[in-house]
Amino acid sequence: MRLRVALLVATFLLPVWEHPTIQRFVTPARAVADARPPMAKDRIPYGAKRRRQMARYSKRHYGRATWRLGNPRVIVLHFTAGDSYQSAWNHFASNAPNRGELPGVCAQYMIKKSGTIGQLVPRDIRCRHAIGLNYTAIGIEMVQETGRGAHWADRQILNRKPQVKAALRLVRWLRAKLDIRMRNVIGHAMVNNSPFFKDLQGWTSDHTDWLWRDVKTFRHRLRKIS
């Protein structure tokens, strides 16, 4: 009798998500949301001064002074237009003015050609990576030179297995974690047509990285693993 009681108590002391009964009811979406891909914290400087700059930028362009990314609804794919992770990291870290305004550009994540994911900025902090969407979008940079043009560069990434596999895993996890719809996984070239696009200064984007036809291929592969 004492042994039976002890076993019963031990069962109820298990962490709720480790309980065998609960485990049978964990949904695939929950499992994906918990399956965070390996990544390194490789933070760029983003202290109080840069946060104040981001809040002021947000006030000018989106109407509210905040540096927080509270409820992201979009994931934007980018490539670095250079062949070096370190040079892109240095550029983001420099906080150099872009279009005459501060803060400088950055993205929350960057993926090396080898497939290593670096988290440059915490997920709940805004980065300037996509005009019109910085208030609601997470940016993912992939190391890739422009070469013969945007489509060519996109295809290099899509054909580079370690890098594209890491990108797919990262996007799958973010979508499940944040409940982001597939149609809101877009390329930088597509931001002006997003239903979430807004800019109070009348700015629009002229970037061509990650064209629609290549994002379509990326989404197709994403559906296969989601």
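The values are calculated or read from the model by the stated rules, or taken from the named source; none is laboratory data. Keep in mind it's a predicted model, so treat the numbers as computed, not measured. Methodologically, a virtual Cβ is constructed for each residue, glycine included, from the backbone with ideal geometry; neighbour enumeration extends over all protein chains shown. Surface accessibility is based on the protein's heavy atoms, side chains included, excluding ligands, DNA and RNA. Shrake-Rupley method; radii C 1.70, N 1.55, O 1.52, S 1.80 Å.
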Checklist entry - Residue check: is ARG148 over 24 Å from ASN90 (Cβ atoms), open to solvent by 20 Å² or more (accessible area, probe 1.4 Å) and in contact with a Pro (Cβ under 7 Å, 6 or more places away or on another chain)? => result no
Checklist outcome for this item: Subset of region 75-92, residues farther than 23 Å from ASN184 by Cβ, touching a strand residue (DSSP E or B) at 6+ places or on another chain (Cβ under 7 Å) and either among the charged types (D, E, K, R) or surrounded by 23 or more Cβ atoms within 10 Å (Cβ to Cβ) (or both), comes to ALA88, PHE92
Checklist outcome for this item: The correct count of residues that are open to solvent by 100 Å² or more (accessible area, probe 1.4 Å), part of a loop (DSSP other than H, G, I, E, B) and at pLDDT below 50 in region 7-64 is 2
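Does VAL185 satisfy the criteria of being in contact with a Lys or Arg (Cβ under 7 Å, 6 or more places away or on another chain) and modelled with pLDDT of 95 or more?
Yes; evaluated as a whole, the condition is true for this residue.
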Item to check | Criterion violated by VAL164 - all others in (1) on the phi < 0 side of the Ramachandran plot; (2) in contact (Cβ under 8 Å) with a residue 60 or more places away in the chain satisfied | outcome: (2)
Checklist outcome for this item: Pairs returned, first residue in region 66-90 that is closer than 25 Å to LYS216 by Cβ and in a loop (DSSP other than H, G, I, E, B), second residue that is open to solvent by less than 30 Å² (accessible area, probe 1.4 Å) and among the polar types (S, T, N, Q), beta-carbon separation under 8 angstrom, 6 or more apart or interchain, are PRO72/THR136; ARG73/THR136; ARG73/ASN184; THR80/GLN144; ALA81/GLN144
Next on the checklist: Against the condition free of Cβ contacts under 8 Å to residues at least 60 places away in the same chain, in a loop (DSSP other than H, G, I, E, B) and within 30 Å of LYS49 (Cα to Cα), how does ASP199 come out, does it pass?
Outcome noted: no
Next on the checklist: On the basis of being out of contact with any strand residue (DSSP E or B) (no Cβ under 7 Å at 6 or more places or on another chain), of a type in the set (A, V, I, L, M), open to solvent by less than 20 Å² (accessible area, probe 1.4 Å) and assigned to a loop (DSSP other than H, G, I, E, B), does VAL121 make the cut?
Outcome noted: yes
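Here is a yes/no grid of residues against (1) charged (D, E, K, R); (2) assigned to a helix (DSSP H, G or I):
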residue	(1), (2)
THR146	no, no
HIS151	no, yes
ASP154	yes, yes
ILE157	no, yes
PRO162	no, yes
LYS165	yes, yes
MET190	no, yes
Checklist entry - Any idea which residue in region 96-111 is nearest to the chain's Cα centre (by Cα), counting only those that are crowded, with 20+ Cβ neighbours inside 10 Å and assigned to a loop (DSSP other than H, G, I, E, B)? => result GLN108
